[in-house]
1. Applying the selection to the stretch 1-11, what residues are surrounded by fewer than 16 Cβ atoms within 10 Å (Cβ to Cβ) and at pLDDT 90 or above?
2. Residues that are touching a residue at least 60 places away in the same chain (Cβ under 8 Å) and under 25 Å from residue 105 (Cβ atoms): which strands (runs of 3 or more DSSP E) entirely in the stretch 1-89 hold 1 or more of them?
3. So if I check each of 47, 72, 36, which one is under 15 Å from residue 128 (Cα atoms) and out of contact with any helix residue (DSSP H, G or I) (no Cβ under 6 Å at 6 or more places or on another chain)?
4. For residue 104, state whether it is in a strand (DSSP E or B), without any contact (Cβ under 8 Å) to a residue 24 or more places away in the chain and surrounded by fewer than 21 Cβ atoms within 10 Å (Cβ to Cβ).
């Protein structure tokens, strides 16, 4: 499959919308439905920051969780965690967590409660990019996009 075909069949979901957060959890954290996907990339996009960002609190590294239903109890995905928290000096960096969905996984995935430390804050958003097993959605709506420009 060439790169154009892969891009046309990828699924994009904003897990955490862009925002500045200090002293607490980022708002709007949601999940991606991985049905029909073969691979998933969670892109954690950090802009200017002067605080530590972690999962649940600032001492635990960001990690991905999974669940069989959207509103059920999420559990950690094995080996799907960063090695450390995002440092207060981690400005303008994209961090990625890649998951092979051909292994046994539950249907819904999300980033565990990203939380920022107390100071000016962290500018951050999280994007999930799902890649098809063979073929997937080819429309903007099917890819989770508001608009798709093809050149």
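1. At the first step, the residues of the stretch 1-11 found to be surrounded by fewer than 16 Cβ atoms within 10 Å (Cβ to Cβ) are 1-7.
If the condition is that a residue be surrounded by fewer than 16 Cβ atoms within 10 Å (Cβ to Cβ) and at pLDDT 90 or above, then no residue fits.
2. On the way: elements: 11-21, 37-49, 53-55, 63-67, 75-81.
Correct list: 11-21, 37-49, 53-55.
3. Values: 47 fails: under 15 Å from residue 128 (Cα atoms); 72 fails: under 15 Å from residue 128 (Cα atoms).
Result: 36 is the single residue among 47, 72, 36 that is under 15 Å from residue 128 (Cα atoms) and out of contact with any helix residue (DSSP H, G or I) (no Cβ under 6 Å at 6 or more places or on another chain).
4. Numbers: in a strand (DSSP E or B): no; without any contact (Cβ under 8 Å) to a residue 24 or more places away in the chain: yes; surrounded by fewer than 21 Cβ atoms within 10 Å (Cβ to Cβ): yes.
No, not satisfied.
The values are calculated or read from the model by the stated rules, or taken from the named source; none is laboratory data. Quick caveat, the model's predicted, so the values are computed rather than measured. Backbone-built Cβ (ideal geometry, glycine too); neighbour counts: all protein chains shown.
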